[in-house]
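Chemist: First the structure, which I've put down as structure tokens, then a few questions once you've had a look.
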Amino acid sequence: EPPPLWLATPLALVGFAVAATWIDTIADQLVSVLMFFGGLLHIPSDVLGMTVLAWGNSIGDFSTNMSMARKGLANMAITACFAGPVFNMLVGIGTGFAILLRSDDPDVTKNHTYPVHLPQGLLVGLSFLITNCFCIICFGLFNKNFVPKQYGFFAVVLYVAYLITSFVLLLS
């Protein structure tokens, strides 16, 4: 017999909090190990960020989206492809800046601003992301709201072009 709702709900919330704490702790340690090996092998952190960290961060979403697409839930998979990063960027960055602006740093509290340096690699990634979004819209508009299978190949080629462009900029 399941426990009563008044007991199950707090237990589920505590379980969720404990799981999230473990995930955060393990993720921190994995990043530390990755940074250690990157430093040991003289691999720039930008390269680690755009490859190993990005792939590791995305593999769960990738497998889930592939599973949804295989089950015929392509719209749900495409929506999830956009909704996850939108949540991460808006809520993650928004929360980070809100916490930062509440800090005791005199420069931040005086001007209510914080200078942010956007590295060239980030701007390149943003450019490719905008290009991808524009292409999805165009593919959809020109195909009566259907995205053809060929778009998948185009997207992979676009990603490879992003990696090549980023590596060339890093090495120059």
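FYI, it's all coordinate maths here, none of it is from the lab. Keep in mind it's a predicted model, so treat the numbers as computed, not measured. With ideal geometry, Cβ positions are generated from the backbone for all residues, glycine too; neighbour counts draw on all protein chains shown.
Chemist: Which of 11, 34, 91 sits farthest toward the positive end of the charge dipole of the chain, with +1 on the Cβ of Lys and Arg and -1 on the Cβ of Asp and Glu?
Modeler: 91
Chemist: Roughly how many Å is it from the Cα centre of segment 36-91 to that of segment 148-168, as a whole number?
Modeler: For segment 36-91 versus segment 148-168, the Cα centre distance is 15 Å.
Chemist: Just name one of 100, 156, 72: the one whose Cα is farthest towards the positive end of the charge dipole of the chain (beta-carbon charges, Lys/Arg +1, Asp/Glu -1).
Modeler: Result: 72.
Chemist: Go through segment 147-162 residue by residue and turn each phi into a ³J(HN,Hα) via Karplus (6.51, -1.76, 1.60, θ = phi - 60°); whole Hz please, and just put x for glycine and proline.
Modeler: The phi angles translate into 9, x, 4, 4, 4, x, 5, 4, 5, 5, 4, 4, 5, 4, 4, 4 Hz.
Chemist: Along segment 50-64, what does the Karplus equation 6.51 cos²θ - 1.76 cosθ + 1.60 (θ = phi - 60°) give for ³J(HN,Hα), rounded to whole Hz, x for Gly and Pro?
Modeler: 7, 10, 4, 5, 5, 5, x, 5, 9, 4, x, 5, 4, 5, 5
Chemist: In addition: Springs between alpha-carbon pairs under 10 angstrom, Gaussian network model over the chain: which of 137, 59, 99 fluctuates most?
Modeler: Between 137, 59, 99, it is 99 that shows the largest mean-square fluctuation.
Chemist: Taking N as the number of residues in the chain, what value does Rg over Cα atoms divided by 2.2 N^0.38 Å take? Mind showing how you got there, number by number?
Modeler: Working: Rg = 20.6 Å, N = 172, 2.2 N^0.38 = 15.6 Å.
For the chain, the normalised Cα radius of gyration is 1.32.
Chemist: Given the rule -39500 (n - 2.57) for each run of at least 4 DSSP H residues, summed and divided by the residues of the chain, what is its mean residue ellipticity at 222 nm, to the nearest 500 deg cm²/dmol? Don't skip to the answer; put the middle values down first.
Modeler: On the way: 8 runs with 131 residues, N = 172.
That comes out to -25500 deg cm²/dmol.
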